[in-house]
1. For segment 92-126, what are the residues that are in a loop (DSSP other than H, G, I, E, B), out of contact with any strand residue (DSSP E or B) (no Cβ under 7 Å at 6 or more places or on another chain) and closer than 30 Å to residue 241 by Cβ?
2. Would you check which residues across segment 200-215 are surrounded by fewer than 17 Cβ atoms within 10 Å (Cβ to Cβ), free of Cβ contacts under 8 Å to residues at least 60 places away in the same chain and not in a loop (DSSP other than H, G, I, E, B) and list them?
3. Considering only segment 449-505, state which residues are under 28 Å from residue 150 (Cβ atoms) and either over 30 Å from the mean Cα position of the chain (by Cα) or assigned to a loop (DSSP other than H, G, I, E, B) (or both).
4. Looking only at segment 516-538, decide whether some residue is surrounded by 22 or more Cβ atoms within 10 Å (Cβ to Cβ) and closer than 21 Å to residue 2 by Cβ.
5. Would you pick out the residues in segment 216-233 that are free of Cβ contacts under 8 Å to residues at least 60 places away in the same chain and part of a helix (DSSP H, G or I)?
6. Give the residues of segment 118-128 that are surrounded by 24 or more Cβ atoms within 10 Å (Cβ to Cβ) and under 17 Å from the mean Cα position of the chain (by Cα), sorted by residue number.
7. Within segment 522-541, track down each residue that is touching a residue at least 24 places away in the same chain (Cβ under 8 Å) and outside any helix (DSSP H, G or I).
8. With (1) in a helix (DSSP H, G or I); (2) over 19 Å from residue 2 (Cα atoms); (3) touching a residue at least 12 places away in the same chain (Cβ under 8 Å) as the list, and residue 73 as the residue in question, which single condition is left unmet?
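The values are calculated or read from the model by the stated rules, or taken from the named source; none is laboratory data. Values in this document were obtained by computation on a predicted structure and should not be read as measured data. Positions of Cβ are generated from backbone atoms using ideal geometry, with glycine treated the same way; all protein chains shown enter the neighbour counts.
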């Protein structure tokens with residue numbers, strides 16, 4: 001049962017306002033002693049020509065106690081509702097235990113397709129921490145929409161086209177060593193790519209050579225294509241190792257190159273709409289009406305640019321998937337690029353451009369390091385993952401040296417710590433990377449939430465002869481009611497995370513649920529309580545671990561059974 005909806009219906013019947021509008025106005029009071037739901041009466045004042053506090057008092061007197069509402073009280077201009085605690089606790093726990101990992105799901109997305117483009121590393125370059133943020137964020141967003149019944153398609157728009165590949169071909173032909181590259185492909189390819197830029201600073205003609213090789217690649221020259229395919233294959237093999245670690249699979253690896261033969265149509269469409277203009281030898285679309293700089297479609301040397309390929313990709317995806325939403329999970333630094341691309345689509349008459357959304361991910365900040373692949377100063381994603389696992393294993397060895405499957409637990413906890421850190425705050429804020437905070441088992445961290453989950457699972461394992469139909473009316477304490485309220489919030493939390501494209505809403509939720517459970521655990525006996533209370537508290541514990549597991553799963557965090 002949706003208590004908020006049922007209370008909204010009661011209010012709607014009293015004041016003749018549509019239920020949907022009532023729902024939009026309803027609030028959660030800031031303090032538990034003020035009630036569980038609140039309705040502000042200020043909007044009614046002009047209509048009924050009474051003060052909001054008088055309206056609230058009159059409405060409160062009309063509310064009768066039933067299996068949903070215990071009572072209603074007026075507080076200033078607010079009408080505060082207190083739910084029937086006993087029925088509420090029963091309803092919520094039974095619903096969680098019945099629905100299990102489907103709890104919080106819905107059919108709101110039935111028949112609608114949501115595309116999620118994320119990760120999108122560049123071939124022949126290391127998978128750096130920025131790509132890892134995009135990967136983790138996009139993976140969570142896809143899971144959230146899938147939980148709400150949408151058909152989701154995971155797209156990995158690999159960066160496998162552009163002038164840089166002409167430069168890489170030039171670098172390979174000059175300094176490449178097949179035997180060395182085969183052993184450590186991405187790092188070795190990066191080395192020669194960096195060397196190209198170092199040498200080009202001394203000899204600028206190398207830049208022309210790089211452009212020349214890219215032109216050959218665009219024209220399909222066999223040697224250039226063969227080298228490019230080799231770089232792509234070696235890179236994807238390495239990337240997939242990391243994806244496997246995070247249990248991520250993609251539906252498509254169609255990169256920029258996939259759209260190379262689809263760009264001429266885009267150019268024709270823009271010509272037919274009289275949108276292309278010449279500027280310093282380049283072909284551009286003027287976006288002044290959107291207060292944006294012009295979008296370059298064809299460079300002065302005749303080569304295309306990634307905006308051209310993104311336009312082709314967007315049109316292809318609409319035709320192929322007829323998407324409800326097309327989400328681009330890419331760093332905030334690309335915000336202008338996507339505004340330009342979506343604006344060009346709009347000018348070209350594609351109204352579905354409004355369904356294309358750029359979700360800008362946060363920047364990771366280290367105290368003394370920067371991200372810049374051209375100079376080779378790269379924070380490798382693999383190094384971060386390996387170090388997280390290694391440090392977690394050290395903690396486990398010091399705290400629980402006899403733990404079984406230590407390596408597997410360390411991997412899940414270490415990688416969970418990374419995911420939690422990246423999804424801890426909304427995407428307007430930078431991610432401050434700190435090993436101490438990330439692997440803290442006491443504070444707001446991935447290990448803390450995972451340990452709370454494991455604590456609950458441990459209690460369930462220790463329990464014997466569990467009653468599958470306990471008397472949940474035994475759950476009478478404020479802590480137990482607060483836990484039930486937290487569990488009940490999960491449905492709304494998932495919807496809110498999707499509406500805002502913000503996984504941190506769920507990160508915040510699982511943290512609050514873990515805190516509420518730990519408070520309950522530390523205050524109330526479970527296994528040593530009287531039998532009826534014990535059975536009811538075990539059911540509550542099972543409901544908590546179920547929702548923690550589901551919430552963490554939506555973030556992409558795998559739960560260990562012990563720690």
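1. 119, 124, 125
2. Within segment 200-215, 201, 202, 205, 208, 212 qualify.
3. The answer is 501, 502, 503.
4. No, that holds for no residue.
5. Pass one, segment 216-233, residues free of Cβ contacts under 8 Å to residues at least 60 places away in the same chain: 216-217, 219-227, 229-230, 233.
Passing the criteria: 216, 217, 222, 223, 224, 225, 226, 227, 229, 230, 233.
6. If the condition is that a residue be surrounded by 24 or more Cβ atoms within 10 Å (Cβ to Cβ) and under 17 Å from the mean Cα position of the chain (by Cα), then 118, 119 are the ones that fit.
7. 524, 526, 527
8. Evaluating residue 73 over (1) in a helix (DSSP H, G or I); (2) over 19 Å from residue 2 (Cα atoms); (3) touching a residue at least 12 places away in the same chain (Cβ under 8 Å) leaves (1) as the failure.
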